[in-house]
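Okay, handing you the structure first.
Nothing in this text is a laboratory measurement; each read-out follows from the coordinates by a stated rule. Keep in mind it's a predicted model, so treat the numbers as computed, not measured. Glycine also receives a Cβ, built like all others from the backbone with ideal geometry; neighbour counts cover every protein chain displayed.
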Amino acid sequence: MSMQRRNPNPIQSRKDAVRKYSRNAVLWAGGGVVGGIALGLLMSSWTLLIIGFVVAVVGGVVNYNKVQKIIKHKDNY
């Protein structure tokens, strides 16, 4: 492991970014669904359930778009 903060290899940097944003997408989606269900059942509220689902979808889509942008990147050599 080097002392550099940034990886000098751009391909490896993109791979790391894809892994990071993929992990974030799963966490947002899973957390929103589980949180929405838990709060919806705990508070007996459909509103909190729907808010949880909206958070899950928005968080997942935002991170999905970041991953797609990284994947579609073209290097100019």
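Where does helix 46-71 land angle-wise versus the long Cα axis of the chain, in degrees 0 to 90, nearest 10?
For 46-71 against the chain, the angle is about 10 degrees.
Where does the longest stretch of the chain lie that holds no trypsin sites (Lys or Arg not before Pro) found in a DSSP loop with 11 or fewer other Cβ atoms within 10 Å?
Working: sites that count: R5, R6, K72, K74.
The longest such stretch corresponds to 7-71.
Report, as a whole number in µm² per second, the diffusion coefficient that Stokes-Einstein gives for the chain at 37 °C and 0.692 mPa s using the Kirkwood radius over alpha carbon pairs. Provide the component values of the computation, followed by the final result.
On the way: Rh = 14.3 Å.
Roughly 230 µm²/s, to the nearest whole number.
Explain nothing, just the number: dipole magnitude of the chain about its Cα centre with +1 on each Lys and Arg Cβ and -1 on each Asp and Glu Cβ, in debye rounded to the nearest 20.
Values: 11 positive and 2 negative charges, 96 e Å.
Approximately 460 debye in magnitude.
While we're looking at this one, here's another question. Grab the Cα-Cα distance for V57 and S44, subtract it from 0.36 nm times how many residues apart they are, and report the gain in nm with one decimal. Write down the numbers at each step before the final one.
On the way: separation 13, 0.36 × 13 = 4.68 nm, distance 2.15 nm.
Extending this stretch completely gives an extra 2.5 nm.
Considering the options V67, G40, I51, tell which one lies farthest towards the positive end of the dipole of the chain, charges being +1 on Lys and Arg and -1 on Asp and Glu at the Cβ, about the Cα centre.
Result: V67.
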